[in-house]
Amino acid sequence: MADNRSKAQSTRIIHNRRHRDVFGSPYSPVYNTTTYRFRDSEAQLDVIEARRPGHLYTRWGTNPTIQELEQGLAALELAEAGLAFASGMAAISATILAHGQRGVVCVGDVYGGTQELLANHCRPLGIPVTFLLQANAEELKASLIRPGMLVFCETPANPTLAIIDLRAIARIAHEQGALLAVDNTFASPINQRPLELGADIVVHSATKYLGGHSDLTAGALMSTAPLSEAVAAWRKNLGQLLSPETAALLSRSLRTLPVRIRQHNENAMTVAQALDGYPGVTRVLYPGLPSFPGHQLAAEQMSGFGGMMTIEVTGGGETATAVADNLQIFLLATSLGGVESLVSQPSVTSHHDIGKAEREKRGITDGMLRLSIGLEDPSDLIADLQQAIATANSSMPQ
Ligand SMILES: *Cc1c(COP(=O)(O)O)cnc(C)c1O
């Protein structure tokens with residue numbers, strides 16, 4: 001579609017095509033190919049020496065199916081460029097290796113894999129890494145000790161849904177000559193567009209909402225052309241590209257992303273309101289509830305509150321485990337963002353290994369359950385939670 005970028009987000013993503021099909025198919029074929037033949041050596045050299053655009057080798061990123069996906073990813077956040085990866089961690093690691101060599105300051109709670117990458121892999125490579133648990137302006141300023149550093153954060157954060165003020169962080173980063181990269185997985189591009197708020201790079205685990213059906217592993221990056229080119233060079237030589245088949249599956253998923261996210265938002269709000277103040281539930285952490293500490297900020301920088309929430313039940317860790325085990329519709333599984341609702345208990349899963357003292361510093365209690373609210377009817381989800389809470393409490397010693 002000509003001038004796609006002037007259209008609204010859902011129109012852009014449905015009409016994202018690079019190639020016209022000779023059979024009139026509205027969707028592009030899947031180019032399951034690793035290589036591309038040339039008429040003669042001169043034509044090949046024209047592409048190698050960049051006199052003409054062309055395709056050389058799929059791992060380098062020049063596959064039509066993958067490029068069409070990347071055009072769609074860029075359009076979602078109105079970025080100049082999009083890159084697709086084999087996983088969210090591929091997108092995050094390539095970003096850090098390309099732009100974090102002078103040092104990385106990680107603000108707030110971030111995904112466990114990102115923490116491990118920075119602490120266990122980047123530090124031994126000689127990359128200075130600072131973790132700041134709070135988004136404190138003075139601390140951040142003091143940590144940005146040389147130009148060209150990378151600030152990395154995630155909002156809403158896992159599992160407390162803590163909200164970071166992206167405009168404020170971007171301003172401080174830029175004043176100190178640093179770039180800001182934001183993991184936008186929890187919000188999705190429908191609910192939050194960090195580039196519009198001042199971020200330089202956005203990354204996603206496309207395994208979650210972008211894919212949306214718990215059936216593919218992929219990653220995404222949206223940024224300017226020069227910043228993404230530097231990341232693409234790392235992607236190429238680390239071999240982090242996804243397959244054309246997965247790219248086509250992800251492109252298919254993106255066409256329903258706006259409508260899926262709107263329903264995730266609505267279902268999560270309905271569940272959060274039903275559980276807020278419900279007997280046996282001490283807290284509901286959901287950015288859409290006015291009682292949530294980051295509600296005002298979330299309302300300012302997000303256009304929807306998302307499908308993720310964390311509840312805390314009375315009775316602590318054992319009761320929370322019993323609730324999780326008694327749920328019938330929610331699946332006890334890691335991950336998030338699929339059409340099916342999932343439950344996980346952070347203290348025994350994602351945040352088990354950091355220990356109780358460290359969890360408490362991050363505001364994570366044993367009685368917490370993280371819920372990824374899917375697209376089932378919310379009344380069934382509420383009934384499931386209520387029966388699981390009742391069963392858990394009746395089986396606990398008083
Ligand atoms: C899952 C996740 C990742 C990692 O993504 P993979 O696709 O599993 O590599 C990164 N960040 C966040 C916030 C996630 O939820």
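For the stretch 258-395, count all C-alpha to C-alpha pairs, find those more than 18 Å apart, and express that count as a whole percent of the total. Intermediate values should be presented prior to the final figure.
On the way: 5002 of 9453 pairs.
When all Cα pairs of the stretch 258-395 are counted, 53 percent exceed 18 Å.
Take the stretch 322-373, drop everything but the C-alpha atoms, weight them equally and run the Debye formula without solvent; then report log10 I(q)/I(0) at 0.20, 0.24 Å⁻¹ to two decimals.
One equal scatterer on each Cα of the stretch 322-373 leads to -0.68, -0.88.
Using a Cα-Cα cut-off of under 19 Å, which aspartates and glutamates could be cross-linked to Lys236, ignoring same-chain neighbours fewer than 8 residues away?
Glu49, Glu68, Glu70, Glu245
Could you name the aspartates and glutamates in cross-link range of Lys208, using Cα to Cα under 16 Å and dropping any fewer than eight places away on the same chain?
Cross-link targets: Glu154, Asp183, Glu340.
Restricting the count to DSSP beta bridges whose residues both fall in the chain, what percent are antiparallel, rounded to a multiple of 5?
On the way: 23 of 41 bridges.
Antiparallel bridges make up about 55 percent of those DSSP assigns within the chain.
Would you mind giving the average projected area, over all directions, of the Cα convex hull of the chain in nm² with one decimal? Present the calculation step by step, with values, prior to reporting the outcome.
Values: hull surface 84.1 nm².
Result: a mean projected hull area of 21.0 nm².
Send over the Kirkwood Rh of the stretch 64-138, from the inverse of the averaged 1/r over different Cα pairs, rounded to one decimal Å. List each step's numbers first, then the result.
On the way: mean 1/r = 0.0715 Å⁻¹.
When all Cα pairs of the stretch 64-138 are included, the Kirkwood radius is 14.0 Å.
Laboratory data are not the source of any read-out in this text; all were calculated from the coordinates shown. Since the structure is predicted, the reported quantities are computational estimates derived from the model, not experimental observations.
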